[in-house]
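Rule-based calculations on the coordinates, nothing more; no lab input. None of the values given here were measured: they were computed from a predicted structure. No Cβ is skipped: glycine too gets one built from the backbone with ideal geometry, and neighbour counts run over all protein chains shown.
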Ligand code: ADE
């Protein structure tokens, strides 16, 4: 079995982490049990380009138990958990991922999984699909799944231009994905990354959240819960107003730059904090990014402005400016939650990866029947995932009485 990982001797440590995460992924465990009995992926090859974490390992094991031949490469060079990669390899699953790998190796690893001629590909950021539309048009999977908002935006652009070559299932569009992973997952794990990188007390600080989508909303709420004064920067008037009524300050990036102690970008856009903002920041300001790509902070400008830069702690680098101010950057401006912490907790990845497992099954069940557009999972599956998780967490779901059902039906009949 071919693979490329940092250190196979880490597998026992990885096994323990994978098992620990699996305990909190009850919905995925149920799907895995059904997959073992029904083998819906038998004879199919499913390859994934996802963050190589303990949670992803549980997904890969579920897919394998469903009958698929599986392989995994990283969707970010800095997020790989090398012990988890070793654990998967020891379990017979090919992994091509090394924490801190350079760009060339990153793309070699993408090619390595594509060489398996997959029936289904899974992306977190659309890298596999991109390569399948450029260098590897020799391969046409029957479908692909996409985990993240940024990936879905990239794919929608491709579909709208009429260039998408095969169907894509936007897992991010499931309510049980974006309403939970993006909010509660990014919210907690981004703050976790900042705290691990800096160990500063958040209470009393001005935390600037740039972008108030699902992820930004989550980050703002968790920062607020830790006692920060939250400042939101947003271009969309509706979202900005929502942020205001949530009790956050709403400011332009210029105004926020001068008051922030900690900055977290979550926009999906480029250089949302740039030279003009760095010029007015306070001494000791900490910059971080929780958006998919490492483009949100204009670090090349900060580098040009700085007299010197040096690591000050693990995952925290200090840039010294000529006027004596120090600006600190967490996790090299890459996803702070995965670079400086362990990504979203298993509890929430359970929802996202249950959707991924169901998405692979759905694409295979519907092979040949789907247009080369963006699809989403049927609502019943979304509802099932939510109901199963609620039960696992100990919540009761109310049901309509026959009279209430009849009352609602009378409204529909009248329309
Ligand atoms: N994305 C965010 N957190 C993650 C995790 N723990 N595993 C895989 N992908 C993630």
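Of note:
- Global form of segment 254-308, assessed from the alpha-carbon gyration tensor, a/c cut-off 1.5: oblate
- Rounded Å value of the spacing that divides the Cα centres of segment 53-97 and segment 251-282: 36
- Label reach from residue 226 (point 7 Å along Cα→C-beta): in segment 182-206, amide nitrogens under 17 Å belong to 183-206.
- MRE, 222 nm, helices only [DSSP H, n ≥ 4, -39500 (n - 2.57), over the chain, to nearest 500]: -13000 deg cm²/dmol
- FRET efficiency for residue 39 and residue 161, using Cβ-Cβ distance with R0 set to 22 Å, rounded to 0.05: 0.05
- Top of 404, 26, 365 by mean-square fluctuation, Gaussian network on the chain, Cα under 10 Å: 404
- Ranked for footprinting exposure by Cβ neighbours inside 10 Å, fewest first, 102, 347 give 102, 347.
- Compared with the dominant Cα axis of the chain, that is its longest principal axis, helix 149-160 is turned about 60°.
- Where only C-alpha atoms are counted, convex hull volume of the chain per residue in Å³: 171
- Computed over segment 168-212, Kirkwood Rh from alpha-carbon pairs, angstrom: 12.4
- Shape category assigned to segment 41-131 from the gyration tensor of Cα positions, a/c cut at 1.5: oblate
- Counted by neighbouring Cβ atoms within 10 Å, the residues 314, 19 run from fewest to most as 314, 19.
- The order of the peptides 86-93, 339-346 by mean Cβ neighbours within 10 Å, most packed first, is 339-346, 86-93.
- To the nearest ten degrees, helix 379-393 and the longest principal axis of the Cα atoms of the chain are 70 degrees apart.
- Alpha carbon centroid spacing (whole Å) that separates segment 387-415 from segment 164-217: 31
- Shape call, segment 234-339: gyration tensor on alpha carbons, a/c limit 1.5: prolate
- Between the Cα long axis of helix 11-23 and the first principal axis of the chain there is an angle of about 80°, rounded to the nearest 10.
- Distance (nanometres) between label positions extended 7 Å along Cα→Cβ at residue 108 and residue 246: 4.3
- Pair residue 371, residue 400: separation of 7 Å Cα→Cβ label points (nm): 3.0
- Each peptide in 383-395, 218-230 receives the mean, over its residues, of other Cβ atoms within 10 Å, and ordering these scores from highest gives 218-230, 383-395.
- Exposure proxy ranking for 215, 49, based on other Cβ atoms within 10 angstrom of each Cβ and starting from the fewest, stands as 215, 49.
- The residue 133 and residue 19 beta-carbon pair, evaluated with R₀ = 45 Å, returns a calculated FRET efficiency of approximately 0.75.
- Estimated FRET transfer efficiency (residue 236, residue 411; beta-carbon r; R0 35 Å; 0.05): 0.60
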